[in-house]
Amino acid sequence: MNYLPIFVDLKQRPVLVVGGGHIALRKITALLKAQAKVRIVAEKLHKELQQLLAEEKVEWIAKQFEPSQVNQAYLIIAATDDAELNQLVFNSAEAQQRLVNVVDDQPHCSYIFPSIVDRSPIQIAISSGGASPVLIRLLREKLEALIPHNIGAMSDIAARWRNVVKEKFADLTQRRRFWEKLFTHQTFQRLTENHQIEQAELFLHRELEQDNPIIGEVSLVGAGPGDAGLLTLKGLQSIQQADVVLYDALVSDAILELVRRDADKVFVGKRAGNHSVLQEETNQLLVKYAKQGKRVVRLKGGDPFVFGRGGEELEVLKSENIPYSVVPGITAALGATAYAGIPLTHREHSQTALFITGHQKPDGNKLKWETLAQGNQTLVVYMGTIKARELSEQLQRYGRAKDTPVAVVSNGTLPNQTVRTGVLENLAELAEQAETPALIVIGEVVKLHNKLAWFGKQEGQFISTHDTLWKQHSQYIAPVEELQLAS
């Protein structure tokens, strides 16, 4: 962060404004809303500032700026068109370690004014640190349209009833549930929208008298393949309402940033060959937190029901009579291939798509290689890099051509996504070079990657030492040993 966003209490605190024109008026208007004691230094005043002076809402303390004037100021604003004077104000404030803002001169600001969405007492401040004011204005317009005007009235009511609710519900989770239920109740929203405040408070009182036991619940939420923009709206709502979030190793940092700040985040990740948390332990944690009356989210990379063991976890919750729900996510096979420009099906290349996992239970069913090796289909392998050599050998053994196009997509949908392409014969080498997590795609549709790729860096052309295999099949050129020519 270039600036720490804070809200300052300026009630009856002195703020020095150097300048008396239109820009100064704009700042002073905001300061007066915050009930600051505004002291002005300017040769002359804008007519509206003269009116404020006549109404004794501001003080005009001097016509000329003196460095000593900053000594008693809580905040300082320089709002003149005189660069030399603004510099003097800035230097004087810095010398006394006073916070100063030189309007429209970001390098000379120790604090800045954000764009504000005002639903007092609810306020939302937005800033780009001076980098893009136009973008911030557009964002503010969107927020103004989205945030209802009755939010302020709801907050005022909550402030008046806060202690009463606290006496009723000693437990923090119970209080949170009560307020969430109240704020989202259509009747309460309608009454505050219609400015029927007394009726809204009567409704609150009636809700408070009801004795509703808090029942824990679990939501299995698919976080998608990594890009936070692919998280569903329902998934976002779930993680922002959760008391506890149990997340795995495939959930990106950007998505974890969306979790409510006061929620407990518990890592229960697993990786092939390095199971930091056993599945049985995760199951026990889900039951434990739910029985404590908490809203629990089991946040999984991709989709909970696609190689995510979501079914196993629901079976445990069902046996314990714990309420649960499932929020699907975009599975890696859909997200990573889309971002790599590889369609899973194509009328000319593939009529079917199969998803398999390279990680199975030791006593699991053996793969049916005859089915997997069939042509005119796309084979997508999750967690398959460790067994890439076996995969390549078995598919060739059961009839898949050695020059079948393949891709290994690492960190799919993330800014550091990489796509290594080659042929089936060299899949093991590609997998060894790939970062994990990685997804393997096998089939003729991979040939479309160079033509359809749209995400991430596109510069440079990869040349394969084995490209003759592909040249016989098509004009596609793909990487095997990562010899890259700079564009």
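At-a-glance table
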| item | result |
| --- | --- |
| Largest-first ellipsoid semi-axes for segment 330-427, taking √(5λ) over the Cα gyration tensor eigenvalues, angstrom | 21, 17, 14 |
| Top positive-direction residue, dipole computed over the chain with Cβ charges, set LEU317, TYR74, PRO148 | LEU317 |
| Residue among VAL100, VAL244, ILE440 farthest towards the positive dipole end of the chain, charges placed on Cβ | VAL244 |
| Two-site FRET efficiency, ARG347 against GLN396, from Cβ-Cβ distance with R₀ of 30 Å, rounded to 0.05 | 0.70 |
| Principal-axis tilt of helix 197-209 within the chain, Cα atoms, nearest 10 degrees | 50 degrees |
| Fraction of accessible area attributable to carbon and sulfur, the chain (%, probe 1.4 Å) | 51 percent |
| FRET efficiency, TRP454 to PHE113 (Cβ-Cβ, R0 41 Å, nearest 0.05) | 0.60 |
| Only Lys, Arg (+1) and Asp, Glu (-1) charged, at Cβ; segment 1-97 dipole about Cα centre in debye | 360 debye |
| Projected label distance in nm at GLN50 and LEU146, using a 7 Å step from Cα toward the beta-carbon | 4.5 nm |
| Reach of LYS57 by Cα under 17 Å, taken over lysines that are not fewer than 8 positions away in the same chain | LYS11, LYS27, LYS33, LYS37, LYS44, LYS47 |
| For peptides 321-327, 42-48, sequence by mean Cβ density within 10 Å, most packed first | 321-327, 42-48 |
| Accessible surface, per residue, of segment 215-362 when the full set of protein chains is kept, probe 1.4 Å, Å² | 48 Å² |
| Translational diffusion coefficient (Stokes-Einstein; Kirkwood radius from C-alpha pairs) of segment 168-285 at 20 °C, 1.002 mPa s, in µm²/s | 126 µm²/s |
| Between 0 and 90°, nearest 10: helix 83-95 axis offset from the chain longest Cα axis | 90 degrees |
| Principal semi-axes in Å for segment 1-137 [√(5λ), Cα gyration tensor, largest first] | 22, 19, 14 |
| Counting DSSP beta bridges with both ends in the chain, the antiparallel % (nearest 5) | 40 percent |
| Charge dipole (debye, nearest 20) of segment 20-70; +1 at Cβ of Lys and Arg, -1 at Cβ of Asp and Glu | 180 debye |
| Protection proxy ranking, peptides 373-383, 30-40, 421-431, average beta carbon neighbours within 10 Å, highest first | 421-431, 373-383, 30-40 |
| Estimated FRET transfer efficiency (THR187, SER319; beta-carbon r; R0 45 Å; 0.05) | 0.75 |
| Label-reachable residues, segment 33-73, where backbone N falls under 19 Å from a point 7 Å from ASN91's Cα toward its Cβ | 64-71 |
| Three-way shape label, the chain, alpha-carbon gyration tensor, a/c 1.5 | oblate |
| Estimated distance in nm for a label pair at GLU66 and THR173, the labels positioned 7 Å out from Cα along Cα-to-Cβ | 6.4 nm |
| Nearest 10 degrees, 0 to 90: helix 388-397 Cα axis against the chain principal axis | 40 degrees |
| Net charge of neighbours whose Cβ lies under 13 Å from the Cβ of GLN35, counting Lys and Arg as +1 and Asp and Glu as -1 | +4 |
| Segment 111-214, dipole about Cα centre (Lys/Arg Cβ +1, Asp/Glu Cβ -1), debye to the nearest 20 | 280 debye |
| Above-threshold pairs, the threshold being 26 Å between Cα atoms, out of LYS265/LYS366; LYS366/LYS402; LYS166/LYS234; LYS300/LYS368; LYS270/LYS291 | LYS265/LYS366; LYS166/LYS234; LYS300/LYS368 |
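The values are calculated or read from the model by the stated rules, or taken from the named source; none is laboratory data. Quick caveat: nothing in here was measured; it's all calculated off a predicted structure. Note: ideal-geometry Cβ built from the backbone for every residue, glycine included; neighbour counts use all protein chains shown. Just so you know, the surface numbers come from the protein's heavy atoms only, side chains and all, with ligands and any DNA or RNA stripped out. Shrake-Rupley method; radii C 1.70, N 1.55, O 1.52, S 1.80 Å.
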